[in-house]
Amino acid sequence: MTTKTKQLMYGTHAAGEAAIQAGCTCYFGYPITPQNELPEYMSRRLPEVGGIFIQAESELASINMVLGASVAGARAMTSSSSPGISLKQEGISFMAGMELPAVIVNIMRGGPGLGNIAPAQSDYFQATRGGGHGDYRTPVLAPASVQELADLTFLAFDLADQYRNPVLILGDGMLGQLMEPVVIPVRKKNEALPEKDYILTGAKDRPARLVKSLILDVKEMEDHNWKLHRKYQRIEQNETRWESYRMEDAEMAVIAYGTAARIARGAINRLRKEDENVRIGLIRPITLWPFPAKALRDAVKKTGDFFVFELSAGQMVEDVRLALEGRGKIHFYGRPGGVVPTPAELARSMARHYYQSKRSRKK
Amino acid sequence: MKKVYSRPKSLRNVSMHYCPGCGHSIIHRLIAELLDEMNLQDQAICVPPAGCAVLAYNYIDIDMVEAPHGRATAVATGVKRVRPDNLVFSYQGDGDLAAIGTAEALHAANRGEHITVIFVNNAVYGMTGGQMAPTSLIGQKTTTSPHGRTVANEGPPIRVCELMAQLGGPSYLERVSVSSPAGVRKTKAAIKKAFEYQIKKSGFSLVEILSPCPTNWKMDAMASCAWIDEVMAKEFPLGVIKEVQC
């Protein structure tokens, strides 16, 4: 596998190759559609670079193998799709409590329950609110192209090590199975990362180490929670990412992430082409947690009109409301259950809302 | 005068929280003695369970990582694959290993992971207050089988060593008990052998230890030991269950 050159790759394969280039030496997973191409890729590639691949007996086992590999000092990852990610929440909560790095890829599918295997964005709440039990957060990265999936996979390992925290990559069945040209990033040593002074290697010439999440004393447990909270505040401060598209003159801002943002771009371009007076732009959150609330608060100074589009019945829209704190007018268009509307379909709904708002603005 | 008995170096100089007559303190000590004798203290990594023995890290002075309930062998797999030259062992109770963690335990065994499992079978959930365990005996009264376990309602107790012996992966499976001085000596020998299997990278090893829980059995220490010998050992026969020459 040569890097630096542009090649045509599946999203899942690009994520796998980027992980390997980022120094990931351990992958543990369990089959579930639509992300099987990632474990398949890793089963082939990791042995070539001296890494470890295990197809585990369950999602529970695979996330806990990640925990073990992480505490032993390796860069480790797992991936799954929605029902499997639910099972991994136990391990993610433990790793958040123990402050262990890990990268978890969720190629979302329609739910709830077994749902279907079509692309969806219905795990937003689960991903951005911690997901498992306890008071914790995990950074959530939401790529919208195969290139960005590769780039963010690369970034995810650095963020995980920097903050000693699990990091989620939230894609969907469309992104995972899409083939696009991609340049896989090449790793340079990141000197800014803290030394792993917590890992277990055997207590040779040093006191024994203990990595745990059990803290029976409530005062100590409260202190630990506040310590985690301060870390999450640092992440909010430093790691919030988003992209603005055609927002310079926008009277209406579409808010969408991942595959939905790709569709929204198409719809915006379509409407702007049809009518040169159309002023619609896009704010695309790249990190879902931390949510780019500031970008929205800045936008509301120029445009009071927001159109939130998700492949769900409405989850991120709650963060938009929280960010705007009552300001602006928010319209929601959602397609849950694995339905992926075309840019033309979305454009119709967008146009209806845009022109209605425009009329009321003129009055 | 010659000193013939002292605290092992690998055992911290603190008092244990275990109830009087509990087997965990004996088993902890045996592990610590072996870590000293085999010179393994600075190589060992232990994965303690959810349960009374989660606090093993307060007593055994080695690197440790907690696992979610039942997942110790999955965590140990991750650690051992990354650090193949360390001694990696899990320490698990019957609920942890034979109920919630059955899948992880059987599959780690079947993969022949080069890890050791110290499996403490006391036929109850100890820490949570004496509920029925997968290894509780037929007729045994617990807080969740108040009229005694029945085959009709809960099924018979699970014999972990015999179950694992059907798999290709395990190399060494032995059942022992800490109900008598002779049993304690055999237990130490079994753990030593299991560690040796791991050091030689000869596959998965597990030592099942029948261990008293006087508090939840509502017996005194002597009666608990007698119950292990007279009742428990009939359901869970002692001895080497599987041994593949390493």
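The values are calculated or read from the model by the stated rules, or taken from the named source; none is laboratory data. Fair warning: this is a prediction, and the values are worked out from it, not measured in the lab. Neighbour counts run over all protein chains shown; Cβ positions are idealised from the backbone, glycine included. Calculation scope for accessible area: heavy atoms of the full protein, side chains included, ligands and nucleic acids excluded. Shrake-Rupley method; radii C 1.70, N 1.55, O 1.52, S 1.80 Å.
Just a few scattered comments:
- Counting the residues of region A:48-60 that are facing another protein chain (nearest Cβ under 8 Å) and either in a loop (DSSP other than H, G, I, E, B) or more than 22 Å from the chain's Cα centre (by Cα) (or both) gives 5.
- Sole residue being without any contact (Cβ under 8 Å) to a residue 24 or more places away in the chain and either open to solvent by 40 Å² or more (accessible area, probe 1.4 Å) or closer than 20 Å to A:Leu152 by Cβ (or both), chosen from A:Arg75, A:Arg44: A:Arg44
- Where a residue in region B:63-81 is within 7 Å of another protein chain (Cβ to nearest Cβ) and its partner, wherever it lies, is crowded, with 24+ Cβ neighbours inside 10 Å and among the charged types (D, E, K, R), with Cβ under 7 Å and at least six apart: B:Arg71/B:Glu104; B:Ala74/B:Glu104; B:Thr77/B:Glu113
- Filtering A:Met42, A:Met9 for residues that are of a type in the set (A, V, I, L, M), touching a Gly at 6+ places or on another chain (Cβ under 8 Å), closer than 26 Å to A:Ser145 by Cα and at pLDDT 95 or above leaves a single hit, A:Met42.
- Taken together, A:Ala144, A:Ala192, A:Ala160 contain a single residue that is open to solvent by less than 40 Å² (accessible area, probe 1.4 Å), outside the structural domain of A:Tyr257 (by TED's automatic domain parsing), closer than 30 Å to B:Ile45 by Cα and not basic (Lys, Arg), which is A:Ala160.
- Condition met for B:Ala99 (within 11 Å of another protein chain (Cβ to nearest Cβ), among the hydrophobic types (A, V, I, L, M, F, W, C), within 24 Å of A:Gly97 (Cβ to Cβ) and surrounded by fewer than 23 Cβ atoms within 10 Å (Cβ to Cβ)): no
- The set of residues from region A:10-39 being open to solvent by 10 Å² or more (accessible area, probe 1.4 Å) and either part of a strand (DSSP E or B) or more than 12 Å from A:Val182 (Cα to Cα) (or both) comprises A:Tyr10, A:Ile20, A:Gln21, A:Gly23, A:Thr25, A:Tyr30, A:Pro31, A:Ile32, A:Thr33, A:Asn36, A:Glu37, A:Pro39.
- Any chance B:Ala56 is on the phi < 0 side of the Ramachandran plot, open to solvent by 10 Å² or more (accessible area, probe 1.4 Å), under 15 Å from the mean Cα position of the chain (by Cα) and more than 7 Å from every other protein chain (Cβ to nearest Cβ): no
- Conditions (1) aliphatic (A, V, I, L, M); (2) more than 10 Å from chain B (Cβ to nearest Cβ); (3) surrounded by 20 or more Cβ atoms within 10 Å (Cβ to Cβ); (4) not in a loop (DSSP other than H, G, I, E, B): number failed by A:Ala69: (2)
- 3 or more residues open to solvent by less than 60 Å² (accessible area, probe 1.4 Å) and of a type outside the set (Asp, Glu): qualifying helices (runs of 4 or more DSSP H) within region B:120-211: B:160-165, B:181-199
- Of all the criteria given as (1) buried (at least 21 other Cβ atoms within 10 Å of the Cβ); (2) more than 14 Å from chain A (Cβ to nearest Cβ); (3) closer than 30 Å to A:Tyr30 by Cβ, the one not satisfied by B:Ile115 is (2).
Listed here are the residues, each with its yes/no results for (1) surrounded by fewer than 19 Cβ atoms within 10 Å (Cβ to Cβ); (2) assigned to a loop (DSSP other than H, G, I, E, B); (3) charged (D, E, K, R); (4) touching a residue at least 60 places away in the same chain (Cβ under 8 Å).
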{"position": "A:Leu214", "(1), (2), (3), (4)": "yes, yes, no, no"}
{"position": "A:Glu222", "(1), (2), (3), (4)": "yes, no, yes, no"}
{"position": "A:Trp226", "(1), (2), (3), (4)": "yes, no, no, no"}
{"position": "A:Arg230", "(1), (2), (3), (4)": "yes, no, yes, no"}
{"position": "A:Met247", "(1), (2), (3), (4)": "no, yes, no, no"}
{"position": "A:Ala253", "(1), (2), (3), (4)": "no, no, no, no"}
{"position": "A:Ala267", "(1), (2), (3), (4)": "no, no, no, yes"}
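- The lone criterion from (1) at the interface with chain B (Cβ under 7 Å from one of its Cβ atoms); (2) touching a Pro at 6+ places or on another chain (Cβ under 6 Å); (3) not hydroxyl-bearing (Ser, Thr, Tyr) left unmet by A:Gly29 is number (1).
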